[in-house]
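Remarks on the structure that follows.
The values are calculated or read from the model by the stated rules, or taken from the named source; none is laboratory data. Quantities reported herein were computed from a predicted structural model and do not represent experimental measurements. Cβ: placed from backbone, ideal geometry, glycine included. Neighbour counts: every protein chain shown.
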Amino acid sequence: MSFKVGALVTAGVTAATAAVTAATLKILLSRRPALPSDPQMYAEPVADSDADDNPGELRATFLGVSTIAFTDGETTIVTDGFFSRPSAQHVLAGRVSPNHAVIDDCLRKAGIDEAAAILVAHSHYDHALDAPAVAWRTGAMLVGSESTLNIGRGYGLSDDQMQLVDVSEPLKFGRFTVEMILSEHSPHGKFKGLIESPLRAPARAKEYKMAECYSMLITHASAAGRTRRVLVHASAGFKPGCLEGRRADVVFLGIAPVGKQSDQFRDDYWRETVQTIKARRVFPIHWDDFTLPLSEPLQAMPYVADDFTVTMDFLEKRRVTEGVEIVMPKPFERIDPFTGLGSTASAPVTL
């Protein structure tokens, strides 16, 4: 009898502990900074008439985290392609897997029927989980590290639909040229290492190991002779000097968890990315809580993960002192990322 009583007490304590842990987690995840309220900080979508008047020009659509679709009406390339965004409880308690209904809905809403390439920054699940599924749906080439390709193999992609990154060899898709540049993940990044064999979902988040981390310099040459360069720097880390000698007027800049870092780190990060490439406009990315669905308004990461307010204060100071524009992109709105920058944005640059 005493054994049964003891077992019941133990079970009761375990259940109570689990309930307290769940309640604490819910509170921690609910405390988060507000987004900027200044409407001038948000990118304006491209009007249909403007797109018609300027066919073949580069357009971009932000799709949460560091997923961005670039198109010129003929060719579309996508970075990462992460849409499923499994909940925090699901990530912590179980396994993650592509949500095919969500992927289909997001692709439809973004107007992406086909693509030439899915370019994966690194192999964490918030970048690479859906990449093979998006490649399969759009007919795109899956481009990434050997670890990313092992995620593709686990999904069932054939080798002829995947391409291993060669940092010495730029990739060409239509009028796009992409240079994959070896960089670094943000500080204290988890799940380091390699994915050494095909990874089949569902799998635990920690199985999506980071492997190599890339920054992407995208150059587009329009039929009208206009050359645009944009950098997608998804992770808020840097490899000193890796962007030296490169130029881009616009950068989509990963900013989490910059708010949790030191003042020195923020200064160094800005210098090694924005200042090095002489960018004149910054679109902050990878700041949103990717455990919440894209069907809801984006929210900043909880304070327990990052301090978005600190980061935005830092960016605002840089805007004032250096004249670099800080513009928040809205999900699913197609924009001209270079609008208003003037003719110098199209000046040729020798790399």
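Table for the structure above
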item: Residue check for A133: under 25 Å from M210 (Cα atoms) and surrounded by fewer than 24 Cβ atoms within 10 Å (Cβ to Cβ); result: no
item: Region 205-229, residues that are over 27 Å from T273 (Cα atoms) and under 20 Å from the mean Cα position of the chain (by Cα); result: A205, K206, E207
item: Leading residue by the ranking (surrounded by the most Cβ atoms within 10 Å (Cβ to Cβ)) among those in region 33-47 that are in contact (Cβ under 8 Å) with a residue 12 or more places away in the chain and outside any loop (DSSP other than H, G, I, E, B); result: M41
item: Criterion violated by F332 - all others in (1) touching a Cys at 6+ places or on another chain (Cβ under 9 Å); (2) not in a loop (DSSP other than H, G, I, E, B) satisfied; result: (2)
item: Residue in region 91-109 that is under 19 Å from H233 (Cα atoms) and β-branched (V, I, T) present; result: no
item: Boolean, E184 is touching a residue at least 12 places away in the same chain (Cβ under 8 Å) and among the acidic types (D, E); result: yes
item: Set G152, G139: member being of a type outside the set (S, T, Y), at positive phi and free of Cβ contacts under 8 Å to residues at least 60 places away in the same chain; result: G139
item: Filter result for the condition that a residue is within 24 Å of H188 (Cβ to Cβ), more than 17 Å from the chain's Cα centre (by Cα) and aliphatic (A, V, I, L, M), over A101, A140, A128, A88; result: A88
item: Set V251, V232: member being under 18 Å from the mean Cα position of the chain (by Cα), within 21 Å of D130 (Cβ to Cβ) and part of a strand (DSSP E or B); result: V232
item: Matching residues in region 156-178 - criterion: being surrounded by fewer than 17 Cβ atoms within 10 Å (Cβ to Cβ), assigned to a strand (DSSP E or B) and of a type in the set (A, V, I, L, M, F, W, C); result: L164
item: Residues that are modelled with pLDDT of 95 or more, outside any strand (DSSP E or B) and not hydroxyl-bearing (S, T, Y), drawn from region 207-229; result: E207, K209, M210, A211, E212, C213
item: K278 of a type in the set (D, E, K, R), on the phi > 0 side of the Ramachandran plot and surrounded by fewer than 20 Cβ atoms within 10 Å (Cβ to Cβ); result: yes
item: Failed item in (1) in contact (Cβ under 8 Å) with a residue 40 or more places away in the chain; (2) part of a helix (DSSP H, G or I); (3) in contact with a helix residue (DSSP H, G or I) (Cβ under 7 Å, 6 or more places away or on another chain), with T273 passing the rest; result: (3)
item: Residue pairs meeting the criteria (Cβ under 7 Å; at least 6 apart or on separate chains; first farther than 18 Å from V282 by Cα, in region 216-245; second surrounded by fewer than 23 Cβ atoms within 10 Å (Cβ to Cβ) and among the aliphatic types (A, V, I, L, M)); result: T227/A221; K239/L182; C242/I181; C242/L182; G245/L351
